[in-house]
Amino acid sequence: MHMNPIQLNETDALLVIDMQYDFLPGGSLGVPRGDEVLAPINSLMGLFAGRGLPVYASRDWHPEDHCSFTARGGPWPPHCVADTEGAAFSKELAFPADMVTISKADSADADAYSAFNGTALADHLRQHGVTRVFVCGLATDYCVLNTVIDARENGFEVVILPEAMRAVDVAAGDGERAIARMAGLGARLAELADFADLRATPA
Ligand code: VGL
Ligand code: ZN
């Protein structure tokens, strides 16, 4: 099964994408089964923080008249309006104290699915010597996909954790197609069981 264990090193960082109430079941743009990623993301954050590796959490942070909302002809119901409960990170996540928040899509007339789009994320990663990013969160077929596309364009190695992401699936199969596309861009697929730190020591 897991022939290639993942050994974390000091040039790795974890990117947790948009784990906000509006994207969780019951939210205004709830991702089906999005709550299933809370536990695996907590495990991942524990692994990274335990080794002193940086954890970044992006958040969709829209003004109330954002262009992606249906009232302005956009595709989505209102969601993640800055400073509302729906835009808050899930309190079920145990973020490390030094987690770095990346707010995106915070101007009314432009949308940004990628955590790199219009943010200081790439500069921050480079300043901290990061060369490989591990990506998880919501939603596989929008913000995770576009973050991975930009990570690759910016020259970062990418590992994606499908068990720690879920898709909107506006069309059936969107999530699976997004994973195939990320793999095609050179992202490595991994699961928690692949992390050397979590594997039982052989007897
Ligand atoms: C997202 C739809 C609209 C996402 C953000 O975080 O994947 N999806 N805005
Ligand atoms: Zn949005």
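The table that follows gives values for the structure above.
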| read-out | value |
| --- | --- |
| Net lengthening on full extension, Arg33/Arg188 (0.36 nm per residue, minus Cα-Cα) | 53.5 nm |
| For region 13-19, 3J(HN,Hα) per residue [Karplus equation, 6.51 cos²θ - 1.76 cosθ + 1.60, θ = phi - 60°, Hz, x = Gly/Pro] | 9, 9, 10, 9, 9, 6, 8 |
| Kirkwood Rh, angstrom, region 36-124 [1 / mean 1/r, Cα pairs] | 14.3 |
| The chain, Cα convex hull volume normalised per residue, Å³ | 123 |
| Gyration tensor verdict on region 131-170 (Cα atoms; rounded if a/c is under 1.5, prolate if a/b is larger than b/c, oblate otherwise) | oblate |
| Selection from Asn117, Gln127, Pro32 lying farthest towards where the dipole of the chain points positive, charges on Cβ | Gln127 |
| At 1.306 mPa s and 10 °C, Stokes D of region 92-199 from Kirkwood alpha-carbon radius, µm² per second | 107 |
| All Cα pairs of region 1-54, percent lying beyond 15 Å | 58 |
| Radius 13 Å from Cβ of Arg177, net charge of other residues (Lys, Arg +1; Asp, Glu -1) | -3 |
| Ratio Rg/Rh [Cα only; Rh per Kirkwood] for region 155-202 | 1.08 |
| Per principal axis, descending, Cα span of region 109-163 in whole Å | 33, 28, 16 |
| Burial ordering of Asp141, Asp12, fewest other beta-carbon atoms within 10 Å first | Asp12, Asp141 |
| Phi-based couplings in Hz for region 70-80 (Karplus 6.51, -1.76, 1.60; Gly and Pro marked x) | 3, 4, 9, x, x, x, 10, x, x, 7, 6 |
| Other-chain or far-sequence residues with amide H under 5 Å of Arg59's (modelled H) | Asp18, Ile102, Ser103, Lys104 |
| Helix 174-184 vs. the chain, principal-axis angle (Cα, 0 to 90°, nearest 10) | 50 |
| 0 to 90° range, to nearest 10: angle between helix 38-50 axis and the chain longest Cα axis | 50 |
| Directionally averaged shadow of region 76-154, computed from the convex hull of its alpha-carbon atoms, nm² | 6.2 |
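Each reported figure results from applying straightforward, stated rules to the coordinates on display, with no laboratory input. Only a predicted model underlies this, so the values are computations on that prediction, with no experimental measurement involved. Methodologically, a virtual Cβ is constructed for each residue, glycine included, from the backbone with ideal geometry; neighbour enumeration extends over all protein chains shown.
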